[in-house]
1. Across all directions of projection, what mean area in square nanometres is found for the Cα convex hull of the chain?
2. At a threshold of 8 angstrom on Cα-Cα distance, excluding pairs fewer than six apart, so keeping six or more, what relative contact order does segment 256-327 reach in percent?
3. So which lysines pass the test for K281, namely a Cα distance under 24 Å, with those fewer than 8 places away in the same chain ruled out?
4. Specify which residue in the list G81, V176, L123 is farthest towards the positive end of the charge dipole of the chain, using unit charges on the beta carbon of Lys, Arg (+1) and Asp, Glu (-1), about the Cα centre.
5. Evaluate 2.2 N^0.38 Å with N set to the residue count of segment 1-150, then give the Cα radius of gyration divided by it.
6. If you place +1 on the Cβ of every Lys and Arg, -1 on the Cβ of every Asp and Glu, and leave all else neutral, what size is the dipole of segment 14-114 about its Cα centre, to the nearest 20 Debye?
7. Using unit Cβ charges (K, R positive; D, E negative) and no other charged atoms, how large, in debye to the nearest 20, is the dipole of the chain about its Cα centre?
8. Any idea what the relative contact order of the chain is, in percent, if you count C-alpha pairs under 8 Å spaced at least 6 apart?
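The values are calculated or read from the model by the stated rules, or taken from the named source; none is laboratory data. Just so we're clear, the structure is a prediction, and the values are computed from it rather than from any experiment. Positions of Cβ are generated from backbone atoms using ideal geometry, with glycine treated the same way; all protein chains shown enter the neighbour counts. Each accessible area value is taken on the protein alone, full model and side chains, heavy atoms only, with ligands, DNA and RNA left out. Shrake-Rupley method; radii C 1.70, N 1.55, O 1.52, S 1.80 Å.
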Amino acid sequence: MGNKKPLVIVTRKLPGAVEDRMRELFDARFNETDRPMTPAELTEAMATADVLVPTITDRIDAHLIAKAGDNLKLIANFGNGVDHIDVTSALRRGITVTNTPGVLTEDTADMAMGLIIAVSRRLVEGASSLSEGHWAGWSPTWMLGHRLTGKKLGIIGMGRIGQALARRAKAFGMSVAYHNRRRVAETIEQELGATYYDSLDMLLSRVDIVSVNCPHTPATYHLLSPRRLKHLRPNAVIVNTSRGDVIDENALVRMLEAGELAGAGLDVFSHEPAVSAKLLKLAKEGKVTLLPHMGSCTIEGRIDMGEKVIINIKTFADGHRPPDRVLPSML
């Protein structure tokens, strides 16, 4: 990119410390309103920028990439998942794509564990009973949940986040089973006390709690299909902090409505930011716990993400391969 500072356009408002550092290093332009850019605004940004810094709320598809200006050479995603970016089309146009892996591992695992506890112990229902004035005092049979010790957790996706969750579950006295595209190293299995299931169907039929921690790819779209969800036992709980489309949301709703599952904890949805009216109704009935995509919501995590974005841009601008480049073969 030569000696001049690259023009970096950021699609959403970032933590102040990250924006300040970007101003020092780059010719940076920011979205002060913090609302998602319209397709027209994204098109204009891609036609103008040397580097685009999008987030999960921006759909960078093949049609948009085809309109990119000749100067756009890097899409430095602020986030780990790149399912909203057509990486193959970007590569064909000579545009490098990067992400921010690893920095949100502990935060997302915390949230997954939090949802497991919240659903199993009915924390949201209990808090609501107080705020709405429905609590009449302690009772031996009221608001009964389930203990976690002795339960079997099935983790779908044993990457960084899945392994971090397994460590937390082990501390709570739970046994861990997992399904993954590839079996992890034996040393990791031994450390986590984790049992591998090559068959996802079999895993689902044998666990008490399921946590979805795999990335969203074409191969994982509706991985938990209506047929697969039917393998879960009626007393099972399912938690999703990955992407909404990994689960067939309509099928999940039907099972919760019919009492074929004990509960669910969802931090992600199929049509974000829209949330199914049926899910919202189930939440009011205490059958599901819903959170507004908060898995990565820590100031530490967001600053770490920003620092990775900056490193990727600076490395690329200096003529080197950025450390977090994403290729289609990796997806």
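1. 18.5
2. 25
3. List returned: K230.
4. Working it through, the farthest residue towards the positive pole turns out to be V176.
5. 1.51
6. Around 400 debye, computed over segment 14-114.
7. That gives a dipole near 680 debye.
8. In percent, rounded to a whole number, it is 18.
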